[in-house]
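Below is one structure, written out as structure tokens; comments come after it.
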Amino acid sequence: MIYRSRAPLRIGLAGGGTDVSPYCDTYGGAILNATISLYAKASIELLKEKEIILQALDRNEVEAFEWNTTLPINGTLDLLKGVYNRIQKDFGFSERGFRLSTFVDAPAGSGLGTSSTLVVAIIGAFVEMLKLPLGDYDIAHYAYDIERNDLKLAGGRQDQYAATFGGVNFMEFYSGDKVIVNPLRIRQEYLNELENNLLLYYTSTSRESAKIIVEQQKNVTQKNEKSIDAMHQLKAQSQMMKEALLKGRLHEIGEILDFGFQQKRNMAHNISNSLIEEIYAASKQAGATGGKISGAGGGGFMIFYCPNNSCYKVAEILRKFGGIIHRYQFATQGLDSWTLG
């Protein structure tokens, strides 16, 4: 038997960073994001031998273990091990060997929520195999708990919920791990135009988001007014973006993204850098009206809003920086799993 699952990666459109504690616990956070047709995938294949084989096919990493209820967290394939360890602890399953294989369509550190989406996909494969009674909110929170508490990885909350629910969502974050996911009913022609005008660009650099996020958390704890005010402004940006999308005021999207780009710089050091600033300026000169760094910042993917068919000229300019334009569509389906007999 083979149990498969996949979960979509996401692009953040507004409010990025306000889903990170302690900001959201103190002030409440709000984010607007959309899932796209890039995925994290997981497969569990049952084996006759009593061993556990873990492999990340996109990273050429593989480890094999004699069957055990706990696998060592040692810096290699820890996301896979972390999910397995927690599933065994909470639900347990009989001594049966298996191969857990994963693949992610974007590199780690790219800013599209790859790590959290992968955790959701792995949980989805185990839920399919063990027929676990977990709903969407359960799975998303479970993924968050494994990453933040079991594996002690710094980060926010939006990625797990985006990957599980899919679609375009306005998300609210509160103290006590309370999250409310509001799916947005956006007219198809507005989504088509957004997809047409929104350029997804990989800078061909990755970054370690944890360092940026830890500094962001420190700024809130130490009551850095400049940083906290920037987060307030980004939370307001998510409301602006929601109204613009629902009411079809697409001509405002670029300006709203640009507003967020200016604010995000103030949240922590290294969110932007000279290369990002140069890329951003060149894209605007070529016709983009705004854009943003995806994820925590520092590198990875960027998005640009390019109205009036300016996306072709912007793409031409961006290629000169050595990055890659990624084709995509919005994905309406969140976590999906199935069984091969």
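The values are calculated or read from the model by the stated rules, or taken from the named source; none is laboratory data. Quantities reported herein were computed from a predicted structural model and do not represent experimental measurements. Every residue, glycine among them, receives a Cβ derived from its backbone with ideal geometry; neighbour counts consider all protein chains shown. Quick note on the areas: whole protein, heavy atoms, side chains included, nothing else; ligands and nucleic acids left out. Shrake-Rupley method; radii C 1.70, N 1.55, O 1.52, S 1.80 Å.
Other residues with beta-carbon under 11 Å from the beta-carbon of residue 86 carry, at +1 per Lys or Arg and -1 per Asp or Glu, a net charge of -2.
Any of 131/242; 81/211; 247/292; 211/292; 226/320; 89/152 with alpha carbons more than 25 Å apart? Name them for me. Going by Cα-Cα distance, 131/242; 226/320 fall outside the 25 Å limit. Taking only protein heavy atoms and a 1.4 Å probe, the accessible area of the chain is 47% carbon and sulfur.
What does the convex hull of the alpha-carbon atoms of segment 1-134 project to on average, in nm²? Intermediate values should be presented prior to the final figure.
Working: hull surface 36.8 nm².
So the mean shadow area of the Cα hull is 9.2 nm².
For the chain, the Cβ-based charge dipole about the Cα centre amounts to some 380 debye (Lys, Arg positive; Asp, Glu negative; other atoms uncharged). Other residues with beta-carbon under 12 Å from the beta-carbon of residue 166 carry, at +1 per Lys or Arg and -1 per Asp or Glu, a net charge of 0. Build a GNM of the chain with springs between Cα atoms under 10 Å apart, and of 126, 91, 259 the one that fluctuates most is 91. Using a Cα-Cα cut-off of under 16 Å, which aspartates and glutamates could be cross-linked to residue 48, ignoring same-chain neighbours fewer than 8 residues away? Once the sequence-local aspartates and glutamates are set aside, what remains near residue 48 is 66, 95.
Rounded to two decimals, the Cα-based Rg/Rh of the chain, with Kirkwood Rh, is 0.98.
For the chain, averaging the sequence separation of C-alpha pairs within contact (under 8 Å, six or more residues apart) and dividing by the residue count gives a relative contact order of 26 percent. Normalised per residue, the accessible area of segment 256-334 is 44 Å², obtained with a 1.4 Å probe and no contribution from ligands, DNA or RNA.
Once the Cα atoms are used to define both axes, helix 114-130 deviates from the longest principal axis of the chain by about 40 degrees. In the full protein context, segment 29-164 carries 38 Å² of accessible surface per residue, based on a 1.4 Å probe and ignoring ligands, DNA and RNA. Helix content alone sets the calculated 222 nm mean residue ellipticity of the chain: runs of n ≥ 4 DSSP H residues at -39500 (n - 2.57) each, divided across all residues, give -12000 deg cm²/dmol.
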